[in-house]
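As structure tokens, the structure follows; a few thoughts come after it.
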């Protein structure tokens, strides 16, 4: 039998491989705009197509309790393989905006069987220190999200076609699915259910702690994906003729640095508690959001420094909120709980991304990014209203 550290390492590698599909189209969006004659608004449409697919996928999975009724490793594998095929569809020369959005929607739907299911697999192996364990999984998600930007940078510097980004993310996604299927059996703490219970998706919210931490997660998500989606746009704004920035490289760095803070936060949570560290991270990212417009284009070095700090704090609370959600759900419905919380969190990202797309295109001001502050304010107030004193917090 594999050790827990080996199991965690395999899950982390698989999570990284499969979630690299998430922002694959964003990394090559300028190429897609040129290749398929798309409008500048495509950044919002392409990102939201993935998010919408993910939302509908997680909603379906939570209602059907797929990760609790069936082997989560098999659900992960099937999702990865189908997602790989759909991701490859982007390179078809006959694509239009409609077909591109359909492919990205399908990838998002499949990611619903990867990201939350990966957390479910981890929760089946780790009863104690779940926040720390999930921090490594979310760190893998962060690296997977950032990876296409690195590929774009490397391919651009070596004269490769943009399609190589799609080919590589597709190949490693299939590898990630195979690793889970072949090497990770169902965990010792898994409590499968045999009877489908549609009501659990809704009755689970009667628990005050679960509701509070789900709302905290929703607040965090309002800010996170909008920040990630617009990081390249912000970098273009602060790039100058005198000091030009490589947007792909810096986008990778700003997103990827969040993997470090996830691991740091996860380790700190073992001593200080998931709740406290999650709140510190959420408040800190809100502070970065408030400060950014005052720096903006005035000083490139300061702006880059703040973006790096923002990139760290904006994601550090994610695994901790997920752990709190899992720990405050019935053991046999952890998969459903994680999936429905994730579904709600990603639902809110569509609104924040679309609103920010409109504001950025309508107003030439860094103050539009204050829209993201709504998330931390809502998340912090939701968690602070609940005086959870349990040992898991």
Task: Which listed residue, of 244, 319, 293, 232, is in contact with a helix residue (DSSP H, G or I) (Cβ under 8 Å, 6 or more places away or on another chain) and surrounded by fewer than 19 Cβ atoms within 10 Å (Cβ to Cβ) - done: 293
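For residue 303, state whether it is in contact with a helix residue (DSSP H, G or I) (Cβ under 6 Å, 6 or more places away or on another chain), buried (at least 19 other Cβ atoms within 10 Å of the Cβ) and outside any helix (DSSP H, G or I). Even if it seems obvious, please write down each step before you answer.
Values: in contact with a helix residue (DSSP H, G or I) (Cβ under 6 Å, 6 or more places away or on another chain): yes; buried (at least 19 other Cβ atoms within 10 Å of the Cβ): yes; outside any helix (DSSP H, G or I): no.
When the stated conditions are applied, residue 303 does not pass them.
Could you check, for region 357-366, whether at least one of its residues is buried (at least 24 other Cβ atoms within 10 Å of the Cβ), over 16 Å from residue 211 (Cα atoms) and modelled with pLDDT under 90? Show your work before the answer.
Going residue by residue through region 357-366, those that are buried (at least 24 other Cβ atoms within 10 Å of the Cβ) are none.
No: region 357-366 contains no residue that is buried (at least 24 other Cβ atoms within 10 Å of the Cβ), over 16 Å from residue 211 (Cα atoms) and modelled with pLDDT under 90.
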Open item on the list: Residue pairs, Cβ under 7 Å, 6 or more apart or interchain, first in region 179-205 and at negative phi and surrounded by 18 or more Cβ atoms within 10 Å (Cβ to Cβ), second assigned to a loop (DSSP other than H, G, I, E, B) and modelled with pLDDT of 75 or more. List them.
Closed with: 187/124; 187/125; 190/124; 200/65; 204/329
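Checking the condition at pLDDT 90 or above, under 24 Å from residue 268 (Cα atoms) and over 18 Å from the mean Cα position of the chain (by Cα), which residue from 324, 302, 320, 306 passes? Quick ask: steps written out before the conclusion?
On the way: 324 fails: over 18 Å from the mean Cα position of the chain (by Cα); 302 fails: under 24 Å from residue 268 (Cα atoms); 320 fails: over 18 Å from the mean Cα position of the chain (by Cα).
From the options 324, 302, 320, 306, the qualifying one is 306.
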TODO: Might you check whether a residue that is modelled with pLDDT under 85, touching a helix residue (DSSP H, G or I) at 6+ places or on another chain (Cβ under 9 Å) and farther than 20 Å from residue 61 by Cβ occurs anywhere in region 110-126?
DONE: yes
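It is to be established whether one or more residues within region 79-98 are closer than 22 Å to residue 351 by Cβ and either in contact (Cβ under 8 Å) with a residue 24 or more places away in the chain or surrounded by fewer than 21 Cβ atoms within 10 Å (Cβ to Cβ) (or both).
So far as region 79-98 goes, yes, one or more of its residues are closer than 22 Å to residue 351 by Cβ and either in contact (Cβ under 8 Å) with a residue 24 or more places away in the chain or surrounded by fewer than 21 Cβ atoms within 10 Å (Cβ to Cβ) (or both).
Is there a residue being crowded, with 17+ Cβ neighbours inside 10 Å and under 30 Å from residue 7 (Cα atoms) anywhere in region 39-50? Outline the logic, then answer.
Within region 39-50, the subset crowded, with 17+ Cβ neighbours inside 10 Å is 42-50.
Cutting the leftovers down to under 30 Å from residue 7 (Cα atoms) gives us 50.
The answer is yes; a qualifying residue exists.
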Open item on the list: Which of the helices (runs of 4 or more DSSP H) found entirely inside region 307-386 contain at least 3 residues meeting this: in contact (Cβ under 8 Å) with a residue 60 or more places away in the chain and within 20 Å of residue 61 (Cβ to Cβ)?
Closed with: 318-327, 334-362
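The values are calculated or read from the model by the stated rules, or taken from the named source; none is laboratory data. Given the structure is predicted, the values throughout are model-derived calculations rather than measurements. For neighbour counting, all protein chains shown are included, and Cβ atoms are generated from backbone atoms with ideal geometry for every residue, glycine included.
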